[in-house]
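The values are calculated or read from the model by the stated rules, or taken from the named source; none is laboratory data. Because the structure is a prediction, the values reported are computed rather than measured. Heads up, the Cβs are rebuilt from the backbone with ideal geometry, glycines too, and the neighbour counts pull from every protein chain shown.
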Amino acid sequence: MGLRFIIGPAGSGKTRYIIDSVIEGLLRDGPGMPDSAALAAGPSGVLSGVLSRPPVLIIVPDQATFQMEKAILEDGRISGFMNLQVLGFRRLCLKVLDETGGITQPFITPVGRSMAVQSILWEHKEQLSVYAPMVNYPGFREEVIQALSEFNAYDVSPGDLEIVAAGGEERPPFLSQKLRDLQLIYRKYTEFLQDNFLDPDDYLKLAVESIPRSDLLRNAVVWIDGFSGFTPREYQVIGAMLKTATQVNLALCMDREEIQHPPRETSLFHPVREVYETALALCRENGVPLEDAVILGQDGALPRFKHRELACLEAAFRSKDRGPWQVFEPPADCLNPEGIPVAPGGVQLISTVNLQAEVEFAAREILRLVREQGLRFKDITVELRDLQKYKDLIEMVFTDHDIPFFLDLKSSLSHHPLAELVRSAFDIILTDFGFDAVFRYLKTDLVPLDRELVDELENYVLACGIRGKRWLDEEPWQYAMQFLAEDEEQPGAQADNQRIDAIRREAMSAFSRFYAMIRNAGELTAEGISLALYDLLMDLGVQETLARWQEECQERGDLISVMEHAGIWDKVLEILEQAAEILGPRPCDVETYALLINAGLEDMRLGAIPPSLDQVLVGSLDRTRQPECRVTFLLGASEGDFPMKHGERGVFTDEERETLLKAGVNLEPSSRLRQLHEEYLVYIALTRPRDALYISYPLGDNDGKAMFPSPVVQWVKSTMPYKETRFISTDPPGTYPEDLDYLAAATVRGVAARRLSLMRQGISPGVVWEEVYRWMLDPCRVQQSRKILSSLGFTNKLERLGETLSHTLYGYPLVTSISRLERFQQCPFRHFAADGLGLKQRQVFKLDPLKTGSFFHEAMREFVREVSVCEQEVARMEQEDVLEIMDQVVGKLVPRIQDRLFLSSFRYQYVSNSLGALLRSSARVFLEHARRGDFRPLAVEVPFGLPGGVTPYSVRVPGHGEVLLRGRIDRVDFARLGSRAYLRVVDYKSSRSKLDLLEVYYGLSLQLLVYLGVAVSKWDELVEWSALFPAHMDQLEDPARVVPYPAGAVYLPIHDPFLKEHGPLDREEAWLKRKKKNLKMAGLLLEDMDVLKLMDTAASGYSDILPVHFTKAGGVGSNSSTVAETDLELLLDYVEHKVGQISADIISGRIDIMPFRRNQQIACTYCEFSPLCTFDVLVDGNEYNTLSNLSRAQIWEEIRSICRGGE
C-alpha cells in the first residue's frame, strides 16, 4: 500500500498519464478479457482468469465516468476490459456495500428525503423558535436539507449541535436558537431513518467500515482524477482505500512550485493544496508510505496546447500572483502588416450587444469551425459560470442553428404534465372543484380528451359559473348563458347543453372514481391515497400516453424530452411509495398528503447522459468536467459573473461559520474562501482547449441595462496587448466576407429580411444579402420565402373593404346602433372587429359593470311601470310606498338573474343587497323629481328598430341610400304646455357622466341626442306606448293635436357617492347629504324658462336637480347646460348629419387602424382588440386620429357652417 501524487498544471497531461498507465498495466497483466483457453474451460475458467488479476479502479466525479470510459476505449490499444472499473465515489461505495452486505435498509431517495424533512417541519413547527415562521416559505426546505447534508458530509451529529448550542461563549445573535432548531430537525430526521431507511449520504460512512473486507479494493490499484476538493466523509473513504489497496494514485492540478511554499489562502491552487496537505495527513495517520510523486509539465511546452497563445495564457495566469508575468509577443512571421496575428485559433475576445447576440455569435462560429476547419461538434465545448442564466437562450439558438448539444444540467421535472396532473387532482378535492384546479387537470393532455373539447367546456363553465360537486351531477347540465331570461340571445351564445354534458362526463369519468375512493373511504391512510392515485393514473392510461410522447419526441430528434418522459413515471411512483412509508399506517387527511406529495414533486430532478457522440457539450465551470477539446467558448465573462461574486449561502452566515469552526464544528468554507477559490475555476476555464479560446461578454442584459467586462478580460488584454476586441451586433455588418458567417439555414431568411428592409431607407443591404435574395427567389424555395419577403413591404394600413364586401358583412340597407357608430369613431378597426367580424371576449359568470347596468335598467323599468300604473299620482305618493314598490321589484328580479347569480354565494347575496340599497336611493330620487316638476314618464325602455318596438330611425346617406338605426331608450319624459308636448330623454348611468359638446362634434357621444331625435320623430308611436301609463293619459287629451318639441336629453346617475365626515351619520342624515349629489341630472336642456320650470318648479339659484343656474332676473346663467330652441334643432340636424357621415364610411368599407387621441385620452386604453390590430405608431401605416381641442364658440361655428352653409 502507498500513496503517489501525480502533480502538474492544467494541460500537463495528468489524465493522459493515467490512461496510458492503466492501459499499459492492462496490456501487461491482461485486460481481464477471457482468452480462448479460459473460454474453453467454461464459466469457472473465465471467472478464475479475471479474479487472478489485480483490480484497477479509476475514481472520477460522477458526471465524468462516461467521458473517462470513452477516452480509454478510444485509445485503440484495447478493445475492452473487465478488471478495470471507472466509478464515482457514490457508485464505488454502493458496489462495496453490495459486495460486503453492509446495506441493511433501503436508501431513502432525495425526493423521499425532501418529503420527510417537510413532514418534520410541519409536525414540530410549534417547537421551533427562529425557523417557525419559515416552515412554509418556498426554498426553506431545500436550505434545511442542504444543512443536513452538510452535517452528514462533515461528520457532525445532532449531539455535536446540542453541545455547541449550550456553550456559553460569546457568539453572533440567534446562532444558539438556530442550532437548537436544526438540532431538533436533525434528531427527528435521524429517528425517522432509524430502522427504516438509510440517508443518501450514509453510503460513504458505511463504505468506510466495509472497504477493508472488499475484494473490489483489496490489492487494487486506484487512480483518482478530476477533483479539486473532498468532504471529510470522502477523505475517510480515501483513508480506508490507502490501507486496503496496493497503490492509490491521486492526480492534483497544481505545479511543483506550489508545494515548495507554505499554503496560502490567496494562492491560485489553494483548494488543491488543501487536498494535498490532507492526503499527507491521512498517510501519516494510517502509516501509509508516500511514494515518489510524478511531476508533469516541468520542462518544455505543456502537451495540451497546440497554439502558443493558449500556452502563454496558462503560464501567465499561473504566475500572476507570484510576481511580474511575461507579456506575450507573437513571432513576427505570424503578424500581418498591421501587427495583428493571422494564425487561426488562439485567444479571441468578443463583446456583444446583449446575451442573445452573444449566443448567436457562438452558434455561427461553431458552424463555421465545423464547416471550414473540419472540426467535429464533440471537439467544441461551451462553458459558463452561470449556466441557468443562458440556458433558455442556448436551447433556442442552438436548436434554430441545428447544432447538436448537451446541457450538463439536471432538469427539473416539477412542471412536467404528469406532476401537474397529480397536483391538480388533489387541488380539485381541496378547492371543491375550483375552476383553475379542474382545468389544470384537463389541460395536462394526460386526460383522454381532445384539447378543443376542453376549450369548449372551459368557455361553457366560465359563462355559467359552474363549480363544486355539480361536476359530478347525475342530472344533465342545463344552464342558461343569458344574464336575464328576457335578454336577446347573441349569435353563438347559446350552447348545446347535451353536447357539453357529454364532454363533461367524459372529462370526469376517471376522476369521479378517484374522488369516490377518497370520499367513501372510512379512515384514510397514506397507503390508501397512494393506491387511489395510482388507480387514477392507470384509468387515464398515463403510462401509455407517456410512451407515445416518447416515440413522438424520438421521431423529432428531441432525445432529452425522450429521457424526461421515460423517467417521470418511475419518479412519480417512487414518490407515492415513499409518501406511504413516510406517513406510515396512521390516519392521514388529503391536505397533509397533498402537501407532502407536492414537496416531492418540486424536488424531482433528472440527470441525463449525453444522447449523442457528436455534440457540443454545454456546462458550468463548477459542475461540468469538460473533456479535452479543441475549441472552447467561454460565455458570460462579465463583471460579477466571471469570477462569480459569492455571498453568504445556507442557514449560517460567514460569522457563524467562523464561530462554529472555533467550537470544533467544521463545515463548508465561508463565502470569503469560496470567493478566493473562484480564481481556480477561472484558471480551469482558460486552460480547457487545445486550439482556440473564445472569451465573450455582453454589454447589456435582456432589459437593456449596461453590463461590464470581467476583470479577467482586462487581464487578458494586458497579457496580450495586441489583442483587439471584436464587437458583434445582432445584425450582420453588411460587408463581405464577414456576412457569410450569418448564413445559417434556420435564420438566413429572417436576417435577409432585416437587411433587405434597409433598402427602404436607401441603404444597400450588402452583396451577400443580394445573393441570398436571389437564392430565396429560386422556384423550389419561393413558396417558403414568400411570407418573409412579404414583410419587406409590410404596412399596418388596411385598405377599404369595398361596398360589396361591406354589404356582406353589415347587410343592406345598413342596420346599426348608435353605440356601434360611436365605436367606429373611436377606431374604425375596432368597429370592424366587433361588429363586422363579430369577435368578442368570452363570457364570464360574474357581475361586471355591463351586467350591473343591465340590472339597474331592468329594475328601473319595472319600478317606473309599477309606479305609473298606481291609482295615486306619483308626486302625492308617500316615500315608504315608493320604497316598498322598489323592494318588490328587486325581490322579483333577483331570482331571474342568470342561474340565480345573486343567490349563488354569500358574496353575491351581499352585492345584491348593496345594489338593492342603491336602487332604493334611486327610487327616492325619482320621487323627489316628480314632486319638484311636472315632467312624467311617457315610456320606458323604448325599443326602436327591434322586435315589438317602434319602427327604426331612418337617416339618409347620400350615395348609399339610407341607414336604419335601432336601440333602446331608457326613459322618455313629457310635459304639456299648451298645444306643445315637450319631450325629455333620460339615460341611466351607474356613474356621473356629462354631455361633452366636443365629443358630440367628433361623433364620440351621439346616443343621447339621437334618442331625443327618435323620441320627437316617433311621437305618434310613442303615444301608443303611453297606454302603459294610464295615470298620465289625461295630459295628452287629443294626441293628434299635440305637437312634440325637444326639451332636452339628460343623464340620471344611479349611484350612492361616498361622504367624507368626521363622525357617523344616521340614514336620514346621510340621505340629505347625498341628495345634492344624487339628484342632479347632467346633459343638455332647452333654454326656455317655462319649460325649465316644468322640470323644477322651485327654480332659483343653482338647481340641485338640473344642470341650470337660474338668475335673479328670471333668466338662465351663462354656465348652464342649456341651448336655445333654434340651436337645439340645429344640433339635432348636425347629429343626423354625423350619423350619415359615419354610416357612409362604414358602407364604403373603411376599416383603418386609427384610434382617436384627445389630450391624454386614447381609444386603445380599454380596447380588447389591441393584440389583434398590433397598433404601433412606429410602424408604417399606423397613426392616431388626433382630435383638436375647440372652444364652445368654435364648435357652434363649425356646426352652423355644416348645417346652414355658414349662417
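For the range 197-315, give me every one of the helices (runs of 4 or more DSSP H) that falls completely inside it and has 3 or more residues that are without any contact (Cβ under 8 Å) to a residue 12 or more places away in the chain.
270-286
Could you list all residues from the range 819-846 that are under 19 Å from SER991 (Cβ atoms) and either acidic (Asp, Glu) or buried (at least 20 other Cβ atoms within 10 Å of the Cβ) (or both)?
GLU822, GLN826, listed by residue number.
Quick test for you: out of LEU161, LEU179, LEU184, pick the one residue that is within 15 Å of VAL117 (Cα to Cα), in the same structural domain as ILE120 (by TED's automatic domain parsing) and not polar (S, T, N, Q).
Being within 15 Å of VAL117 (Cα to Cα), in the same structural domain as ILE120 (by TED's automatic domain parsing) and not polar (S, T, N, Q) holds for just one of LEU161, LEU179, LEU184, which is LEU184.
Give the range 105-136 a look and list any residue that's of a type in the set (A, V, I, L, M, F, W, C), part of a loop (DSSP other than H, G, I, E, B) and in contact with a Lys or Arg (Cβ under 8 Å, 6 or more places away or on another chain), or say none.
VAL130, VAL135
Of everything in the range 539-560, what is aliphatic (A, V, I, L, M) and under 19 Å from THR399 (Cβ atoms)? Give them in sequence order.
LEU559, ILE560
Taking the criterion of being surrounded by 14 or more Cβ atoms within 10 Å (Cβ to Cβ), hydrophobic (A, V, I, L, M, F, W, C), outside any loop (DSSP other than H, G, I, E, B) and out of contact with any Asp or Glu (no Cβ under 6 Å at 6 or more places or on another chain), would at least one residue in the range 705-714 satisfy it?
Scanning the range 705-714 turns up at least one residue that is surrounded by 14 or more Cβ atoms within 10 Å (Cβ to Cβ), hydrophobic (A, V, I, L, M, F, W, C), outside any loop (DSSP other than H, G, I, E, B) and out of contact with any Asp or Glu (no Cβ under 6 Å at 6 or more places or on another chain).
Give me the residue from the range 403-453 that is in contact with a strand residue (DSSP E or B) (Cβ under 7 Å, 6 or more places away or on another chain) and not in a loop (DSSP other than H, G, I, E, B) and, out of that set, farthest from LEU621 (Cα to Cα).
Only one residue fits best here, namely SER412.
Would you mind telling me which numbered condition in (1) at pLDDT 90 or above; (2) under 30 Å from ILE1146 (Cβ atoms); (3) surrounded by 19 or more Cβ atoms within 10 Å (Cβ to Cβ) LEU1022 fails?
LEU1022 satisfies every listed condition except (1).
Report, by residue number, each residue of the range 375-402 that is surrounded by fewer than 22 Cβ atoms within 10 Å (Cβ to Cβ), more than 25 Å from the chain's Cα centre (by Cα) and outside any helix (DSSP H, G or I).
Correct list: LEU375, ARG376, HIS401, ASP402.
Collect the residues in the range 112-168 that are under 37 Å from the mean Cα position of the chain (by Cα) and β-branched (Val, Ile, Thr), keeping them in residue-number order.
VAL117, ILE120, VAL130, VAL135, VAL144, ILE145
What single numbered condition from (1) surrounded by fewer than 17 Cβ atoms within 10 Å (Cβ to Cβ); (2) assigned to a loop (DSSP other than H, G, I, E, B); (3) not polar (S, T, N, Q) fails to hold for GLU456?
(2)
Answer with yes or no whether LEU617 is surrounded by 18 or more Cβ atoms within 10 Å (Cβ to Cβ), under 23 Å from ILE19 (Cα atoms) and either touching a residue at least 60 places away in the same chain (Cβ under 8 Å) or among the β-branched types (Val, Ile, Thr) (or both).
Answer is yes for this residue.
Just to be sure, is GLY102 at pLDDT 80 or above and either out of contact with any Lys or Arg (no Cβ under 8 Å at 6 or more places or on another chain) or not assigned by TED's automatic domain parsing to the domain that holds SER21 (or both)?
Judged against the criteria, GLY102 is not a match.
GLY1149 - would you say it is on the phi > 0 side of the Ramachandran plot and modelled with pLDDT of 90 or more?
So GLY1149 passes the test.
Of all the helices (runs of 4 or more DSSP H) wholly in the range 1-95, which have at least 2 residues that are modelled with pLDDT of 90 or more?
Ranges flagged: 14-29.
Taking the range 729-782 as the region of interest, how many residues are assigned to a helix (DSSP H, G or I) and farther than 28 Å from PRO698 by Cα?
Selection size over the range 729-782: 12.
Could you check, for the range 668-681, whether at least one of its residues is in a helix (DSSP H, G or I), farther than 22 Å from GLY345 by Cα and basic (Lys, Arg)?
Yes: the range 668-681 contains one or more residues that are in a helix (DSSP H, G or I), farther than 22 Å from GLY345 by Cα and basic (Lys, Arg).
Do the conditions hold for GLY600, that is, is it in the same structural domain as SER424 (by TED's automatic domain parsing), in contact with a strand residue (DSSP E or B) (Cβ under 7 Å, 6 or more places away or on another chain) and small (Gly, Ala, Ser)?
Considered against the rule, which asks whether it is in the same structural domain as SER424 (by TED's automatic domain parsing), in contact with a strand residue (DSSP E or B) (Cβ under 7 Å, 6 or more places away or on another chain) and small (Gly, Ala, Ser), GLY600 comes out as no.
Within the range 603-654, how many residues are modelled with pLDDT of 90 or more, assigned to a loop (DSSP other than H, G, I, E, B) and closer than 18 Å to ARG690 by Cβ?
Residues in the range 603-654 being modelled with pLDDT of 90 or more, assigned to a loop (DSSP other than H, G, I, E, B) and closer than 18 Å to ARG690 by Cβ: 0 in total.
Within the range 929-966, work out how many residues are part of a strand (DSSP E or B) and on the phi > 0 side of the Ramachandran plot.
Of the residues in the range 929-966, 2 are part of a strand (DSSP E or B) and on the phi > 0 side of the Ramachandran plot.
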